[in-house]
Amino acid sequence: MSSLSELLVDAGLSRERLDECRRLANTSGDSLDRAILNRAYLPEAKLLEVYASHLGYDFEGQLEGTKVPVSFIDAVPVHFSRNYNLIALGTSEDGALRVATCAPLEPQPMDDLAAMLGMDVEPVLSPRNEITTLIARAYRHKADGVNQALADVAEDGDIAGLASEISDAEDVLDVSNKAPIIKLVNTILFQALKLRSSDVHFHPYEDRTQVRFRIDGILYDMDSVPRKAHEAIISRVKVMGKMDIAERRLPQDGRASLRIGDGEVDVRISSVPTTNGERIVMRLLDKTTKAHTLDEIGLSEENRATFRSYLGFNHGIILVTGPTGSGKTTTLYAGLTEIDTTQKNVLTIEDPVEYTLSGISQVEVNTKKGLTFAAGLRSFLRQDPDVMMVGEIRDLETAEVAIRASLTGHLVFSTVHTNDAASTIARMVDQGVEPYLVSSSLILVVAQRLVRTVCKHCREMIPVNDESRAKLAELGLTPEDVGGILAHGIGCDDCFGSGYAGRTAIYEFMPVGEELRTEIMDGVTASQMKRNAIKRGVTTLRKDGVMKIIEGITTPDEILRVTQIDLDID
């Protein structure tokens, strides 16, 4: 059998780097595999394959679709599973529990797990991100201690006085030795993060406080909290957000940082006074989420090619438009990832910075200090930029600075809140920008919406019935257009019983060519601009959605929910 050194060299690690990692491991106290990963000398999957071969373990590169035994979920606390990246994959032929791990040289957690379960465990090596994803899915529908935390709150006498403990970045996995109200809030937030929630609502009623999560754009009612705990919850969240807990009559904004294992989540907190007490909404922004590429955000081949061609322009404004939460920033980031930052100087000003991009200088808006979008953009012009991104054009000042930047040889990305591409042009003129400046600076307007995708775990192809036939007709389709069948999610644990899991975007691309420039100068209305654009071949949001129905990605219900009726151009 080959030695570990020979296996590592065969996998692509040079002997010089192997010696370097050995020295590093000896001086730092880390294991050899950690030293190699920290230096990024081998991909994690390749390294784990080597160790699996050397140690005689199985290697599982993908865990998607794996069903975790219910007995494991019931017996092993989620914080233990998450802290040590251990998750059961099933039982082997000899009766041992197969447990995935990404740390082949750390046997202690595996021994603790065997003692906890009272049975033999058999290590299986898997990449860390596969394990964490499976853990999140496996524990998704467990109560996560919310019921126990609620019971602790009910038993505790002085709940209002227990809300003040706070650290710089609260670890929501750490609920041991915490006051009941802190444990309750942390547990609710951990549950929200596992369910991929974008927002957490604490909605007060006369008799209770309703916790609600927004998942894939839809609000779901979760746990109800006794009314007597409401003030303590509000105080706790305000302390986390460094807000004034004594002020209950005015709206307030705050921000906090949460830790979940190694990851960090930025939280924006908003409170408003209502007749039943203060209402809190927390927006969760996962800093560890990677920026998507143009191939991952739902662009058709034609739109992808169009976008890439405009990314090569030296100057002009590319605007992405849509309502709040429609994925505009994600699309802009996907465009920025295509730009060669070794040859171009790229700067962004955002509110807040949602993803961290390497090779790009990112600035966060700070209105209290006078750092607005317009002020930041003005400063950028003195930083020798090639490409700039402005989080949003909210006012005339920002619009004028962005236009001036584009007219002086810079490519500018930004977002606007309008319903479609044509309305964006009208909005800029309504803000006070001269039509000739709009026509000479704009090069591309992209409208978009997010639609839920059919859950791949419970997806079925069902025949078109009378109900779906009527919906297809509303979209201008016949049953023959979809082959007589439609994708449908029957509902399962993975999709929260909704039949949908995850989202993709539908797009409306409107390049600003000579004809459209003339229309802008002539003051043509937005509706007429759209009619003319459709005649020129622009694919509307609804038509792009129809293509995703035909491909089986989403359903007629979703497209009808998020799009308006396209203008009749006959």
In Å², what does the accessible area per residue of the chain work out to with a 1.4 Å probe?
-> 46
Under 17 Å Cα-Cα from Lys287, which aspartates and glutamates qualify once same-chain neighbours fewer than 8 residues away are excluded?
-> Asp168, Glu170, Asp171, Asp199, Asp262, Glu264, Asp266, Glu350, Asp351, Glu354, Glu364
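For the range 324-374, which whole-number percentage of the solvent-accessible area (1.4 Å probe, protein heavy atoms only) is attributable to carbon and sulfur atoms?
Here carbon and sulfur together make up 44 percent of the probe-accessible area.
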Excluding exposed DSSP-loop GluC sites (Glu not before Pro) (at most 11 other C-beta within 10 Å), longest clean stretch of the chain | 207-550
Near the amide H of Glu354, under 5 Å away, which other amide H atoms are found, from residues 5 or more places off or on another chain, if H is placed in the peptide plane?
-> none
Can you list residues whose amide H is under 5 Å from Thr415's amide H, if they're 5+ apart or on another chain and H is modeled 1.01 Å from N?
-> Val320, Glu392, Ile393
Can you list residues whose amide H is under 5 Å from Ile87's amide H, if they're 5+ apart or on another chain and H is modeled 1.01 Å from N?
-> Ala100
Give the range of the longest stretch in the chain that excludes all chymotrypsin sites (Phe, Trp or Tyr not before Pro) found in loop regions by DSSP and having at most 14 other beta-carbon atoms within 10 Å.
-> 314-570
Determine which lysines satisfy two conditions relative to Lys471: a Cα distance under 28 Å, and not lying fewer than 8 residues away in the same chain.
-> Lys328, Lys456, Lys530, Lys535, Lys543, Lys548
Per the range 387-490, sqrt(5λ) over the Cα gyration tensor eigenvalues, sorted largest first, in Å, gives 43, 16, 11
Arg382-Asp340 FRET efficiency (beta carbon distance; Förster radius 22 Å; 0.05 resolution) | 0.45
Share of the range 390-486's accessible area from carbon and sulfur, percent, 1.4 Å?
-> 48
The answer for trypsin sites (Lys or Arg not before Pro) in the range 320-383 that fall in a DSSP coil and have at most 10 neighbouring Cβ atoms within 10 Å is Arg382
Among the lysines, which fall within straight-line cross-link reach of Lys183, defined as a Cα-Cα distance under 18 Å, with same-chain neighbours fewer than 8 residues apart omitted?
-> Lys142, Lys194, Lys228, Lys238
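Kirkwood Rh over Cα pairs of the chain into Stokes-Einstein at 37 °C, 0.692 mPa s: D in µm²/s?
The diffusion coefficient I find is 122 µm²/s.
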Using 7 Å Cα-to-Cβ label points, what is the Leu4/Asp244 separation (nm, one decimal)?
-> 6.0
Name every cysteine in the chain that ends up alone, with no second cysteine's Cβ under 4.7 Å, or say none.
-> Cys21, Cys102
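Taking the range 195-345 on its own, what percent of its Cα-Cα pair distances exceed 28 Å?
The share of Cα pairs beyond 28 Å in the range 195-345 comes to 38 percent.
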Pair Lys369, Arg517: separation of 7 Å Cα→Cβ label points (nm) | 4.0
Counting only protein heavy atoms with a 1.4 Å probe and every protein chain in place, the carbon and sulfur fraction of the accessible surface of the range 1-151 in whole percent equals 46
Leaving ligands, DNA and RNA out of it, work out the accessible area of Leu284 with a 1.4 Å probe and give it in Å² to the nearest 10.
-> 20
Over the range 496-541, what number does the Rg to Rh ratio reach, with both radii from the alpha-carbon atoms and Rh per Kirkwood?
-> 1.26
Calculate the length of the line joining the C-alpha centroid of the range 341-380 to that of the range 383-419, in whole Å.
-> 12
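The values are calculated or read from the model by the stated rules, or taken from the named source; none is laboratory data. Please read these numbers as outputs of a predicted model, since none were measured by experiment. Cβ atoms come from the backbone with ideal geometry, glycine included; neighbour counts cover every protein chain shown. With ligands, DNA and RNA removed, areas are computed over all heavy atoms of the protein, side chains included. Shrake-Rupley method; radii C 1.70, N 1.55, O 1.52, S 1.80 Å.
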